[in-house]
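Presented below is the structure to which this report refers.
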Amino acid sequence: MNPVIAVVGAGFSGSMAALHLLAALPRSWSVLLCEKAGSFGRGLAYGTEAPAHLLNLRSPNVSAYPDRPDHFATWLGGLPEDERAGVAVTPAGTFAPRALYGRYLGELLTEAVVAEGTPRLHLVHDAIADLVPVAGGYAVRTEGGASYPVAGAVLAMGNLTGPGAPPSRHRLDPWRPEEFGRLHPDRPVLVVGTGLTMVDAVASLRGRGFSGRIVALSRRGLVPNVHAPTKPWPVPDLTAADLASLTRLTRRIRAEIAAAARAGRDWRDVIDALRPVIGYLWRSLPGLERSRFLRHLRPFWDVHRHRAAPPAATAIAREIAAGTLDVRAGRILAIADGPGEAVVTIRPRGGTTDETLTVQGIVDATGIGRIDETGDPLLRRLVVRGLARPDAFGLGLAAGDDYRLRAERPGRLWTMGPLLRGTLWECVAVPDIRSQAAEVAALIAAEVECLPAGRGHPPSE
Ligand SMILES: Cc1cc2nc3c(=O)[nH]c(=O)nc-3n(C[C@H](O)[C@H](O)[C@H](O)COP(=O)(O)OP(=O)(O)OC[C@H]3O[C@@H](n4cnc5c(N)ncnc54)[C@H](O)[C@@H]3O)c2cc1C
């Protein structure tokens, strides 16, 4: 058997890592791509089948290959017209259904698996339960009891799942919309969270025939802004003093937005201009200022930076105007489960009087979890064994600029995608992930090329 790098998780991050590794590694090396869910390539974001779940990036921005920006658009254009029916062409750009994007990614992996010559991409359909250090690398242990010797591994396990919304027997998973089909068509439903997951959940509820009132609740009740046509704006010139204080940085960005408005431009131009430097801004801010950002500014940033595709935003705006979707700011104080319904006590933001809401289901759209809340057995074992540790904010894993895990016992373990959130902050959108994949693959290839002959070959246990 050839020397191997494992990739744990075959969502967008892991799939991109695998494809870039195949291109970058010496020909004698192969890639073991491991996925516990039903399909390879799709992950959480692109596993949806709902046509109303659109990519929130314009088609030219989501090519799998940064050096071939038309790759996805060309693939899309090659589909029969009826299969392209859900593609939304708007003045702000073309937005494809995420299901089609998942299909595109799946096809890229299939092409790599069946490529001519000695197979170099091996798929393992099982949950990885442990990575045990052994001579020359690691033993990748699956839940099903298999063990694969590898020289190193990329952890691409996606967003952490946390406890999310307060527990209730009537809790619904936004990623299992088939559960929505069992709801009574017109008794209220509560969605906890008002971000892009809420936007998806509302589309799924309506898509499954639910016609009742939806209440969406978050601390601030902020809903994602809509995409609009944008034009390039120069990256703002930021001084060291701007980067030393969150207050000052925020003021500086607001001033830039005001300058853009005076020039007849849109705030989105400025937010998009910041995108390539966000990792730098994040790392430049002192730790306390980053914590302040997470506590106070994050919801505002999220609704400006992570915008909804126009058809999705229009659907939400219509629901709000019609009163069928009630977006509230506040927090849940208590949930009393009863047969067939839950009575939820809410404290409205800034209010002193509590309200109660009787709902038949509570959709948990609270988004991402934290390392200390995760029940993921692999992450827990890696942390306990000193092979990984949480980043300073507990949002993911500590890693260096070279994507290598920072831990008591550093080794050939790298990470990318949402697990880098605390390290890079801006790391989950398609353009960020595909760049990370190319970079991590190049770094791994450079490292294994320097290994003395025989090292990196499959370790024996
Ligand atoms: C609903 C949703 C919509 C989004 N829409 C967009 C968008 O329109 N545009 C955009 O740019 N970004 C979007 N994003 C951002 C998104 O995070 C990234 O685009 C990307 O999909 C993240 O991929 P990932 O592979 O890191 O994570 P995931 O998609 O979560 O994939 C991780 C995979 O790892 C597997 N896994 C985890 N643990 C193990 C284990 N121990 N063993 C084996 N397998 C394991 C999981 O089963 C999963 O398939 C969206 C995100 C979500 C959640």
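The values are calculated or read from the model by the stated rules, or taken from the named source; none is laboratory data. Quantities reported herein were computed from a predicted structural model and do not represent experimental measurements. Methodologically, a virtual Cβ is constructed for each residue, glycine included, from the backbone with ideal geometry; neighbour enumeration extends over all protein chains shown. Note: accessible area is taken over every heavy atom of the protein model, side chains too, but ligands, DNA and RNA are not part of it. Shrake-Rupley method; radii C 1.70, N 1.55, O 1.52, S 1.80 Å.
Things to note:
- Sequentially through the stretch 339-344, phi angles give Karplus couplings (6.51, -1.76, 1.60; θ = phi - 60°) of x, x, 7, 10, 9, 9 Hz, Gly and Pro residues having no value and appearing as x.
- Area of Thr356 that stays accessible when all protein chains are in place (1.4 Å probe, Å², to 10): 100 Å²
- Within the assembled protein chains, the solvent-accessible surface assigned to Glu449 is about 120 Å², based on a 1.4 Å probe.
- Normalised per residue, the accessible area of the stretch 233-363 is 50 Å², obtained with a 1.4 Å probe and no contribution from ligands, DNA or RNA.
- Over 33 Å [Cα-Cα, the chain], rounded percent: 41 percent
- With all pairs of separate Cα atoms included, the stretch 104-148 yields a Kirkwood hydrodynamic radius of 12.4 Å.
- Sequence-ordered 3J(HN,Hα) estimates for the stretch 73-86 from the Karplus curve with 6.51, -1.76 and 1.60 and θ = phi - 60° stand at 4, 5, 4, 4, x, x, 6, x, 4, 5, 7, 9, 4, x Hz, glycine and proline given as x.
- 0 to 90° range, to nearest 10: angle between helix 430-449 axis and the chain longest Cα axis: 20 degrees
- Per-residue ellipticity at 222 nm, computed for the chain from helices alone with -39500 (n - 2.57) per DSSP H run of at least four residues, works out to -9000 deg cm²/dmol.
- Pairs of Cα atoms farther than 20 Å apart, the stretch 242-305, %: 23 percent
- When the Cα positions of Ala317, Leu451, Leu378 are compared along the charge dipole of the chain, Ala317 comes out farthest toward the positive end, with charges on each C-beta of Lys, Arg, Asp and Glu.
- Here the accessible area of the stretch 242-305 is 58 percent carbon and sulfur, with a 1.4 angstrom probe and all protein chains present.
- Under-5 Å amide H pairs with Gly221, H placed in peptide plane, nonlocal only: Gly330
- Backbone amide hydrogens, once placed in the peptide plane, bring Gly158 within less than 5 Å of Leu419, excluding anything fewer than 5 places away on its chain.
- Rounded to the nearest whole Hz, the Karplus-based 3J(HN,Hα) values (6.51 cos²θ - 1.76 cosθ + 1.60, θ = phi - 60°) of the stretch 284-298 follow the sequence 6, 5, x, x, 5, 6, 5, 4, 4, 4, 5, 6, 10, 9, 3, with x at glycine and proline.
- Most to least accessible of Ser204, Ser245 (protein chains only, probe 1.4 Å): Ser245, Ser204
- Degrees separating the helix 196-207 axis from the principal Cα axis of the chain, which is the longest one: 70 degrees
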